[in-house]
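Asker: I have a structure here, written as structure tokens, and I will follow up with some questions on it.
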Amino acid sequence: QVQLVESGGGLVQTGGSLRLSCAASGGTFSSYTMGWFRQAPGKEREFVAAISWRGGITYAADSVKGRFTISRDNAKNTVYLQMNSLKPEDTAVYYCAGSLLRWGNARADYNYWGQGTQVTVSS
């Protein structure tokens, strides 16, 4: 059973940057595809980015491509989301997710979830 804990959220102005971290424990982190999702008030949870178990393959949603970068450090059991050029529409709770056997951008592809961290971008 994998436990995931996000950190790094906060309040930032438009155009600013934040780096989210997700620390994993209780499993073999290097075996998992890791992803980031977000959920804005009144909206469905949506895919943001994913990274393969060794970090060689990454995939980002069109809405964040070129601004957000996902990375991982398997020695530290941590996955990161570097967010640059933030916009008010990026405001959401950001969730880290892990998948043991699947690669994808759907919620159903992921077995484990963190509790989320709030990101607020002011205009």
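Asker: Placing +1 at every Lys and Arg Cβ and -1 at every Asp and Glu Cβ, with all other atoms neutral, what dipole size does the stretch 58-98 have around its Cα centre, in debye to the nearest 20? Write out the running numbers ahead of the final one.
Answerer: Values: 5 positive and 4 negative charges, 24 e Å.
Approximately 120 debye in magnitude.
Asker: To the nearest 20 debye, what is the magnitude of the charge dipole of the chain about its Cα centre, counting +1 on the Cβ of each Lys and Arg and -1 on the Cβ of each Asp and Glu?
Answerer: Here the size comes out at about 160 debye.
Asker: Relative contact order for the chain: what is it in percent, counting Cα pairs under 8 Å that are at least 6 residues apart?
Answerer: Over the chain, the number comes to 35 percent.
Asker: Please report the base-10 log of the normalised intensity I(q)/I(0) for the stretch 66-123, using a Debye sum with one equal scatterer per alpha carbon and no solvent, at each q in 0.13, 0.23, 0.24, 0.26 (1/Å).
Answerer: Log10 of I(q)/I(0), two decimals: -0.42, -1.13, -1.18, -1.24.
Asker: Put +1 on the Cβ of each Lys and Arg and -1 on the Cβ of each Asp and Glu in the chain; which of G26, V119, G10 then has its Cα farthest toward the positive end of the dipole?
Answerer: Of the listed residues, the answer is G26.
Asker: Which listed residue (W36, L100, A61) has the Cα farthest towards the positive end of the charge dipole for the stretch 28-123, taking +1 on Lys and Arg C-beta and -1 on Asp and Glu C-beta about the Cα centre?
Answerer: Highest projection toward the positive end goes to L100.
Asker: If the chain between L11 and T58 were fully stretched, how many nm would it gain, using 0.36 nm times the residue separation less the Cα-Cα distance? Could the numbers behind the result be given before it?
Answerer: On the way: separation 47, 0.36 × 47 = 16.92 nm, distance 2.64 nm.
My answer for the length gained is 14.3 nm.
Asker: Compute the normalised compactness of the stretch 39-79: alpha-carbon radius of gyration over 2.2 N^0.38 Å, N being the residue count.
Answerer: 1.34
Asker: Antiparallel DSSP bridges in the chain: what percent, to the nearest 5?
Answerer: Once the DSSP bridges in the chain are tallied, antiparallel ones form about 90 percent.
Asker: Next question, about the same structure. When you have a sec, figure out the Kirkwood radius of the stretch 1-72 from all distinct Cα pair distances and drop it here in Å to one decimal?
Answerer: It is 13.6 Å.
Asker: Here's something else I'd like to know. Per residue, how big is the convex hull of the chain when only Cα atoms are used? Give it in Å³.
Answerer: 90 Å³
Asker: Calculate the spin-label point distance for R45 paired with Q118, positioning each point 7 Å from the Cα along the beta-carbon direction, and give it in nanometres.
Answerer: Distance between the two pseudo-spin positions: 1.9 nm.
Asker: Write down the accessible area per residue of the chain in Å², having rolled a 1.4 Å probe over the full set of protein chains.
Answerer: Heavy-atom SASA per residue in the chain reads 52 Å².
Asker: Could you please state how large a percent of the accessible area of the chain is carbon and sulfur, counting protein chains only and using a 1.4 Å probe? Don't skip to the answer; put the middle values down first.
Answerer: On the way: 2960 of 6340 Å².
Accessible surface attributable to carbon and sulfur in the chain totals 47 percent.
Asker: Roll a 1.4 Å probe over the protein heavy atoms and report the accessible area of I70 in Å², nearest 10.
Answerer: 10 Å²
The values are calculated or read from the model by the stated rules, or taken from the named source; none is laboratory data. From a predicted model like this one, the values you see are computed outputs, not experimental measurements. A quick note on method: Cβ atoms are made from the backbone with ideal geometry, for glycine too, and the neighbour counts reach across all protein chains shown. Side chains are part of the model used for accessible areas, which takes the heavy atoms of the whole protein and leaves out ligands, DNA and RNA. Shrake-Rupley method; radii C 1.70, N 1.55, O 1.52, S 1.80 Å.
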